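Report on the following structure.
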Amino acid sequence: MLDIRIERTATPKAKPTDETKLGFGHIFTDHMFIMNYDTGLGWHDARIVPYGEISLSPAAMCLHYGQEIFEGLKAYRTADGSVQLFRPDENFKRMNVSADRMVIPELNIEDCLYALKTLVKMEEEWVPHTEGASLYIRPFIIATDPYVGVRPADHYMFIIILSPSGAYYSTGLNPVKIYVEKQYVRAVRGGTGFAKTAANYAISLKGQQEAHDQDYEQVLWLDGVEQKYIEEVGSMNIMFVIDGEVVTPELTGSVLPGITRKSALEICRKKGMKVSERRITIDEVAKAYDEGKLNEVFGTGTAAVISPVGHLKWGDKIMTINDNKIGPVSQMLYDTMTGIQWGKIADEYNWIVKI
Ligand SMILES: Cc1ncc(COP(=O)(O)O)c(C=O)c1O
């Protein structure tokens, strides 16, 4: 078992009283988990300490060459007041895949789960009580060597911070407007698309900003070579229901293997629905739309769970999907996943880890 030194804060913060105003990602709890890595020593010095600033050399390698990876998951409070996690092992498995791609030393998954559970248990009171609100969990690793040169680092920090977050949908499941990006690309074959690393998000900002300027909420990325195959949305995977079949881009290395995506596919398959993971072009989607066969489009991701797409803009073509309303597959997936996450329905998949 990982030996974790615990240092409690002497000055706990006041917890937010109005959980309808939590927003996302700007309030942090009282403590954080930290562990260091040094070549020769491995991961060591696991500790939970008061949340606060960390000291880094201005030459720290993560600041210059982006050797960084991260994860995102949530802790949910159930009706009986207990707290639970959704497939946290999948997040740490994915973190190790990202680590390998970014030449960062791998973590022991059992140690990470133990560290996370210990931290969340300590911060249990920070898990919101309001329906739909949750505690967002952000594990990340940064390269810390003070060295201005390009090579894999010898020293790293693994940190977990926690952030109480408001309900993603406070006014019901509103369909989003998505802009199909024709100019910029997010990932290329052989690149880092499948890894959760800062660079993938930095290079997406420009397209995202231009989409926002045109009043679109998110960008749908096409492949980086021919710009014709659909990949994913800014922070979600994408699914289409075409003539009754659920179709999603296969994982070819330039798409993040989403845990919500994987779970949604498992639910659909278990229900006996037709599902296919394959390459799909934007032309095929537009053709299905013209023929009246594009039944639903939705994103999948930890933040929104299921995000129905109401408008898809591809050049001059604007597709209005399912009358800009949530469709039956999206609704079923949303109800099933949130039901399991908040403990309202039985977890027949064994996805829940209790704190
Ligand atoms: C680029 C990208 N794609 C997809 C996802 C969805 O992944 P998950 O379902 O694991 O949250 C995310 C969010 O983590 C993401 O950042």
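Screening the candidates D283, D316, D347, D335 for the property of being farther than 30 Å from T78 by Cβ and free of Cβ contacts under 8 Å to residues at least 12 places away in the same chain yields one hit, D316. Looking only at residues that are small (G, A, S) and modelled with pLDDT under 95 in the stretch 226-252, which one is farthest from the ligand (Cβ to nearest atom)? Taking the candidates together, the pick is G234. Restricting attention to the stretch 97-111, the residues being open to solvent by 20 Å² or more (accessible area, probe 1.4 Å) and either of a type in the set (S, T, N, Q) or outside the structural domain of V150 (by TED's automatic domain parsing) (or both) number 1. Please find, among A288, A264, the residue that is more than 16 Å from the ligand (Cβ to nearest atom) and at pLDDT 95 or above. Checking each option against the conditions leaves just A288. Determine, yes or no, whether I306 is β-branched (V, I, T), under 30 Å from K121 (Cβ atoms) and touching a Phe, Trp or Tyr at 6+ places or on another chain (Cβ under 7 Å). Judged against the criteria, I306 is a match.
As a summary of the residue check, H212 satisfies the conditions (1) out of contact with any strand residue (DSSP E or B) (no Cβ under 7 Å at 6 or more places or on another chain); (2) open to solvent by 30 Å² or more (accessible area, probe 1.4 Å); (3) part of a loop (DSSP other than H, G, I, E, B); (4) more than 13 Å from the ligand (Cβ to nearest atom) except for the one numbered (3).
Looking at (1) buried (at least 17 other Cβ atoms within 10 Å of the Cβ); (2) touching a helix residue (DSSP H, G or I) at 6+ places or on another chain (Cβ under 9 Å), find the lone condition where T130 falls short. Looking at each condition in turn, T130 falls short on (1).
Select from the stretch 295-319 the residues that are among the hydrophobic types (A, V, I, L, M, F, W, C) and either within 16 Å of the ligand (Cβ to nearest atom) or under 19 Å from L265 (Cβ atoms) (or both) and list them in ascending order. Talk me through it step by step, then tell me what you get.
At the first step, the residues of the stretch 295-319 found to be among the hydrophobic types (A, V, I, L, M, F, W, C) are 297-298, 303-306, 309, 312, 314, 318-319.
Answer for the stretch 295-319, where residues must be among the hydrophobic types (A, V, I, L, M, F, W, C) and either within 16 Å of the ligand (Cβ to nearest atom) or under 19 Å from L265 (Cβ atoms) (or both): V297, F298, A303, A304, V305, I306, V309.
Output the residues belonging to the stretch 189-200 that are outside any loop (DSSP other than H, G, I, E, B) and out of contact with any helix residue (DSSP H, G or I) (no Cβ under 9 Å at 6 or more places or on another chain). Before the answer, list the steps.
Of all residues in the stretch 189-200, those outside any loop (DSSP other than H, G, I, E, B) come to 198-200.
Within the stretch 189-200, A199, N200 qualify.
The one condition from (1) assigned to a helix (DSSP H, G or I); (2) open to solvent by less than 20 Å² (accessible area, probe 1.4 Å) that K206 does not meet is (2).
Whenever a residue of the stretch 66-82 is not assigned by TED's automatic domain parsing to the domain that holds A304 and open to solvent by less than 30 Å² (accessible area, probe 1.4 Å), its partners that are of a type in the set (D, E) and within 14 Å of the ligand (Cβ to nearest atom), lying with C-beta atoms within less than 9 angstrom and at least six residues away or across chains, give the pairs L73/E90. Has the stretch 341-349 got any residue that is within 14 Å of the ligand (Cβ to nearest atom), open to solvent by less than 60 Å² (accessible area, probe 1.4 Å), part of a helix (DSSP H, G or I) and not aromatic (F, W, Y)? Checking the stretch 341-349: at least one residue is within 14 Å of the ligand (Cβ to nearest atom), open to solvent by less than 60 Å² (accessible area, probe 1.4 Å), part of a helix (DSSP H, G or I) and not aromatic (F, W, Y). Listed by first and then second residue, the pairs linking a residue in the stretch 31-52 that is farther than 16 Å from D111 by Cα to a residue that is polar (S, T, N, Q), with Cβ atoms under 7 Å apart and 6 or more places separating them unless they lie on different chains, are H31/T9; P50/T9; Y51/T29.
Here the condition is being among the aromatic types (F, W, Y), open to solvent by 40 Å² or more (accessible area, probe 1.4 Å) and under 30 Å from Y169 (Cα atoms); of F33, F28, it holds for F28 alone.
Within the stretch 176-188, the residues that satisfy the criterion of being open to solvent by less than 50 Å² (accessible area, probe 1.4 Å) and either farther than 17 Å from L312 by Cα or assigned to a loop (DSSP other than H, G, I, E, B) (or both) are E181, V185, R186, A187. Of the residues Y114, Y168, which single one is under 26 Å from T197 (Cα atoms) and either at pLDDT below 95 or not assigned by TED's automatic domain parsing to the domain that holds F70 (or both)? None of the other options fit; the residue is Y168. Given the condition part of a loop (DSSP other than H, G, I, E, B), of a type outside the set (V, I, T), at negative phi and touching a helix residue (DSSP H, G or I) at 6+ places or on another chain (Cβ under 8 Å), answer yes or no: does some residue in the stretch 273-292 qualify? Checking the stretch 273-292: at least one residue is part of a loop (DSSP other than H, G, I, E, B), of a type outside the set (V, I, T), at negative phi and touching a helix residue (DSSP H, G or I) at 6+ places or on another chain (Cβ under 8 Å).
The values are calculated or read from the model by the stated rules, or taken from the named source; none is laboratory data. Nothing here was measured: the structure is a model prediction, and the numbers come from that model. Note that we place each Cβ from the backbone using ideal geometry, even for glycine, and neighbour counts take in every protein chain shown. To get the accessible areas, we keep the full protein, side chains included, count just its heavy atoms, and leave off ligands, DNA and RNA. Shrake-Rupley method; radii C 1.70, N 1.55, O 1.52, S 1.80 Å.
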